[in-house]
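I have placed the structure first, in the form of structure tokens, so that the comments after it can refer back to it.
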Amino acid sequence: MDTIKEYMDARDLLIADGGVSLIELEEQTTHTLSKLLLNNAVKIKQDFDKTSDLNSYWERYAPIQRGHKPRGEAFPWGEVGEKVIEGYLYSQIASYFDDVRFVGAPYGHDIRFTCRNAFIHIDAKSTGPNDNPNEVVSSPNQVTGNGMIEEGSKLVYNDLVNMTGPKMTRQFRPELPPFYIIDGKVLPTLTFYIKIVYEVHSLGQQPLKCLELISVPNGLILFDGPNLSQRIPGLLTPGKDEVHVERKRTRIKLDPLAKFQSWRCQKIDYSSDGQPVLKPRM
């Protein structure tokens, strides 16, 4: 950025209408990404499920079981889902968005790119039978904040926010900026998750069940302007971390998010003949 005033003027403009324009941009981008996933959903499932057919090539060196006292009933399947989804997204992005560039950023989601009107971050989350399909666990560097700025250094920072669960309240500090100014253009940061939900029929037979695209509100909407983190009860709750962990994670609950705006959680289920069906979570 050139000046603090330039940054603050851009920030003020983004929330001048109560976040309406930001929400419209998020909705438009969600529909574009939903279309991309739906158009490739058959091939995504075919390639995901092909892993089981290729087991003789990888099973001797299968991923090591993780977690506390693993039961050994399934192979860790995170990379299967993430690499298949990332491959299709990277190969298709330029066909669905204008002026795509892969601008460098040292942290954020798995997939990061700029387009004509946004800086988009997308994270792929594989979800098995023992995982919670109704939430995403987010690190601080995967959530946008309220985007304040230090007078002396011109460094962007985010204020602490509260995560309130049924038993406790913890503080959480988002680390992604709510927008970037790149070559004079203001690009809001849009953050998405794709949950890759799979079944376990037997060890290594772990087919794709469904996909879910999740649009998380921008930090200016969550923590300023309409302040959705306070307006939507139960949206952000404490993550998995112990008290002594400094950079605590948060859980983003999907049912409250979908109840607020149904388009924010779009599922792709597969019919009995393998055809994809797009529908909202709620």
Is it the case that some residue within the range 215-233 is out of contact with any Asp or Glu (no Cβ under 6 Å at 6 or more places or on another chain), surrounded by 17 or more Cβ atoms within 10 Å (Cβ to Cβ) and assigned to a strand (DSSP E or B)?
-> yes
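Between TYR61, TYR90, which is open to solvent by 90 Å² or more (accessible area, probe 1.4 Å) and in contact with a strand residue (DSSP E or B) (Cβ under 8 Å, 6 or more places away or on another chain)? Spell out how you get there, then give the answer.
Numbers: TYR61 fails: in contact with a strand residue (DSSP E or B) (Cβ under 8 Å, 6 or more places away or on another chain).
Of TYR61, TYR90, the one residue that is open to solvent by 90 Å² or more (accessible area, probe 1.4 Å) and in contact with a strand residue (DSSP E or B) (Cβ under 8 Å, 6 or more places away or on another chain) is TYR90.
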Of all residues in the range 1-36 being among the charged types (D, E, K, R) and not in a helix (DSSP H, G or I), the one that is modelled with the lowest pLDDT | ASP2
Quick check: anything in the range 12-24 closer than 21 Å to LYS195 by Cα and out of contact with any Ser or Thr (no Cβ under 6 Å at 6 or more places or on another chain)?
-> no
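Looking at ASP159, ASP183, can you tell me which residue is more than 17 Å from the chain's Cα centre (by Cα) and open to solvent by less than 70 Å² (accessible area, probe 1.4 Å)?
ASP159
Among the listed residues ILE44, ILE23, ILE15, which satisfies the condition of being farther than 23 Å from CYS265 by Cα and buried (at least 20 other Cβ atoms within 10 Å of the Cβ)?
Numbers: ILE44 fails: farther than 23 Å from CYS265 by Cα; ILE23 fails: farther than 23 Å from CYS265 by Cα.
Residue meeting the stated conditions: ILE15.
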Residue that is farthest from GLU73 (Cα to Cα) [pool: residues in the range 47-58 that are surrounded by 15 or more Cβ atoms within 10 Å (Cβ to Cβ) and not β-branched (Val, Ile, Thr)] = ASP47
Filtering the range 200-233 for residues that are under 28 Å from ASP269 (Cα atoms) and touching a residue at least 40 places away in the same chain (Cβ under 8 Å) leaves a count of 17
Would you mind finding the one in VAL100, VAL80 that is under 26 Å from GLY145 (Cα atoms), within 24 Å of the chain's Cα centre (by Cα) and either open to solvent by 70 Å² or more (accessible area, probe 1.4 Å) or not polar (S, T, N, Q) (or both)?
-> VAL100
Check PHE75 against each of (1) farther than 29 Å from LEU235 by Cα; (2) touching a residue at least 24 places away in the same chain (Cβ under 8 Å); (3) surrounded by fewer than 19 Cβ atoms within 10 Å (Cβ to Cβ) and name the one condition it does not meet.
-> (3)
Consider only pairs whose beta carbons are under 9 Å apart and that are at least six residues apart or on different chains; among these, list those whose first residue lies in the range 263-276 and is farther than 16 Å from LYS43 by Cβ and in a strand (DSSP E or B) and whose second residue is open to solvent by less than 20 Å² (accessible area, probe 1.4 Å) and charged (D, E, K, R).
-> CYS265/GLU212; GLN266/GLU212; LYS267/LYS195; LYS267/GLU212
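I need the full set of residues from the range 162-180 which are of a type in the set (Lys, Arg) and either part of a strand (DSSP E or B) or open to solvent by less than 10 Å² (accessible area, probe 1.4 Å) (or both), in order please. Break it down stepwise before answering.
Of all residues in the range 162-180, those of a type in the set (Lys, Arg) come to 167, 170, 173.
Result: ARG170, single match.
Scan LYS209, LYS240 and give me the residue that is loosely packed, with under 15 Cβ neighbours inside 10 Å and of a type in the set (D, E, K, R). Give the steps one after another, and end with the answer.
On the way: LYS209 fails: loosely packed, with under 15 Cβ neighbours inside 10 Å.
Exactly one of LYS209, LYS240 is loosely packed, with under 15 Cβ neighbours inside 10 Å and of a type in the set (D, E, K, R), namely LYS240.
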Return the residue satisfying two criteria in turn: it lies in the range 130-148 and is open to solvent by 20 Å² or more (accessible area, probe 1.4 Å) and not polar (S, T, N, Q), and of such residues it is nearest to ASP255 (Cα to Cα).
-> PRO133
Scanning the range 139-174 residue by residue, those of a type in the set (Asp, Glu) and within 17 Å of GLU246 (Cα to Cα) turn out to be ASP159
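The values are calculated or read from the model by the stated rules, or taken from the named source; none is laboratory data. None of the values given here were measured: they were computed from a predicted structure. Here Cβ is always computed from backbone atoms with ideal geometry, including for glycine, and neighbour counts include all displayed protein chains. Protein only, heavy atoms only, side chains kept; ligands, DNA and RNA dropped before computing areas. Shrake-Rupley method; radii C 1.70, N 1.55, O 1.52, S 1.80 Å.
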